[in-house]
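The values are calculated or read from the model by the stated rules, or taken from the named source; none is laboratory data. Because the structure is predicted, anything quoted here is derived from the model rather than measured. Counting neighbours? That spans all protein chains shown, and the Cβs are built from the backbone with ideal geometry, glycine included. The area values use the complete protein model at the heavy-atom level, side chains included, leaving out ligands, DNA and RNA. Shrake-Rupley method; radii C 1.70, N 1.55, O 1.52, S 1.80 Å.
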Amino acid sequence: EDFSVLRRIGIGLAIAGGVINSMLYNVDDGHRAVIFDCFQGVKLGVIEEGTHFMISWLHRPIIFDIRTRPRSILSITEIKGIKARRKQSTSGESFKICCTKSQFDAIELITQRTLISQRNSELLTERAAQFGLLLDDISIIRYDKKESRTHLSFRPEFTSAVELKQVAQQDVGKQRFLVEKTEQSRRANVIAAEGDTRAADLIGKVLDEAGDGLIELRRIEAAEGTANQLSKSRNRVYLPHGPQILLNITEIFTYRREKIDVRGECLKLVPAENIQQNTVEIIKQEINSNQNYTNARFRAPLANYLLHLVSPQVATAHFQLVLPCEHRFGSILLENPYYGLRKPPDQSRSSLLYVIDLYIMGEVLALETLMLLHWCQKMKLTSAILHGFSLGGHMASLAFTK
């Protein structure tokens, strides 16, 4: 009897399990289901993932796979032309791309790949929406059966040529930028030199018209500024001795107006008969790459007349004579006053300490150039040309006009 009872219980449980199992169904990941009712037809509700209940004799679940699957469309691409072939998918659908007019060539497929992919994605998404198809992503690929992988590529020669073209275009753009930068720098230097020349001409013109009145006014203004600075300072201030605070500015302008600017008087300051070969001290001579380099120095002629205005560094002129061994044309590079070896020890780089140094520079250089011309005649180095760049060009023009 006990065995019969257990058998009946087991049979009941089996029947109940079978009934319950027939009333349950599962919807896996990436799938959705709709219910077909024998009386109402297909219901509108969409069943999500998971285990769900149904009436087995009344309802029948229909499960769909909604996972996104890639579709490869084989195409033959030519320059300025795209042809497409139809490929049958496993589910029976058929896709076809037909481009009657190309917008991009093979080179642009490499250089503008992002733009082309975006354009194709927009067109195909719009076209597929008309048939109820959703496109998540579109990529331009090339299928290689031998290598069993997809990629976008061309022949190595073609790809190398495209890369070289891009590099050449970048080099051209870089060179164009450097040329424009050099041109802008040249214009800036020319404008700065013109501004300096204009300022010097205006100051000279005002001095010629106003005489010593402008100098006295500038002296008073300088004294006023110095007094204000001293009155606000709690420390001791030491003023430089000599012409450094416009004390002897009258003398330098008078000397320029009466001596340097008058051609006859200027020639008397550096007479040709007083210039000899030993007037110039040779410091170093060497031959390098068929060039004969001679470094020399001499005493600035202005130091013989206005020694108290010319600092010891400026009083010694330095130049380099470059003579090719096989040619007749050479160069003399004269170091500008207040630069290089001729820079005062308290001067920072090329920034002049005082405005008056600019006028001393011009007068010193004018007489030094005249002396070098006389020396070249003694050394049989004739037919000289004066030239310079930026401030050097301005100084060369001053020396030439004297």
**Study point:** Neighbours by Cβ (under 7 Å, 6+ apart or cross-chain): first from segment 8-29, in the same structural domain as His59 (by the TED database) and within 17 Å of Ser56 (Cα to Cα); second open to solvent by less than 90 Å² (accessible area, probe 1.4 Å) and of a type outside the set (A, V, I, L, M)
**Key:** Ser22/Ser56; Met23/Ser56; Tyr25/His52; Tyr25/Pro61; Val27/Glu49; Val27/Gly50; Val27/His52
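Evaluate the following for Leu230: is it among the aliphatic types (A, V, I, L, M), under 21 Å from Gln377 (Cβ atoms) and either assigned to a helix (DSSP H, G or I) or at pLDDT 85 or above (or both)? Outline the logic, then answer.
Working: among the aliphatic types (A, V, I, L, M): yes; under 21 Å from Gln377 (Cβ atoms): no; either assigned to a helix (DSSP H, G or I) or at pLDDT 85 or above (or both): yes.
It is false that Leu230 is among the aliphatic types (A, V, I, L, M), under 21 Å from Gln377 (Cβ atoms) and either assigned to a helix (DSSP H, G or I) or at pLDDT 85 or above (or both).
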Review point. For Thr90, which of the numbered conditions (1) part of a loop (DSSP other than H, G, I, E, B); (2) open to solvent by 80 Å² or more (accessible area, probe 1.4 Å); (3) at pLDDT 70 or above fails to hold?
Key: (3)
Check your understanding: Which condition does Val42 not pass, out of (1) farther than 12 Å from His59 by Cβ; (2) open to solvent by 50 Å² or more (accessible area, probe 1.4 Å), if it passes all the others?
Key -> (1)
**Study point:** Residues (farther than 27 Å from Glu163 by Cβ and in contact with a Leu (Cβ under 8 Å, 6 or more places away or on another chain)) located in segment 111-142
**Key:** Leu124, Thr125, Ala128, Leu135
**Study point:** Candidates Gln175, Gln285, Gln170, Gln184 - the one that is open to solvent by 90 Å² or more (accessible area, probe 1.4 Å), at pLDDT 80 or above and not in a helix (DSSP H, G or I)
**Key:** Gln285
Practice item. Consider only pairs whose beta carbons are under 8 Å apart and that are at least six residues apart or on different chains; among these, list those whose first residue lies in segment 353-364 and is without any contact (Cβ under 8 Å) to a residue 60 or more places away in the chain and whose second residue is of a type in the set (Phe, Trp, Tyr). Key: Asp357/Tyr338; Met361/Tyr338
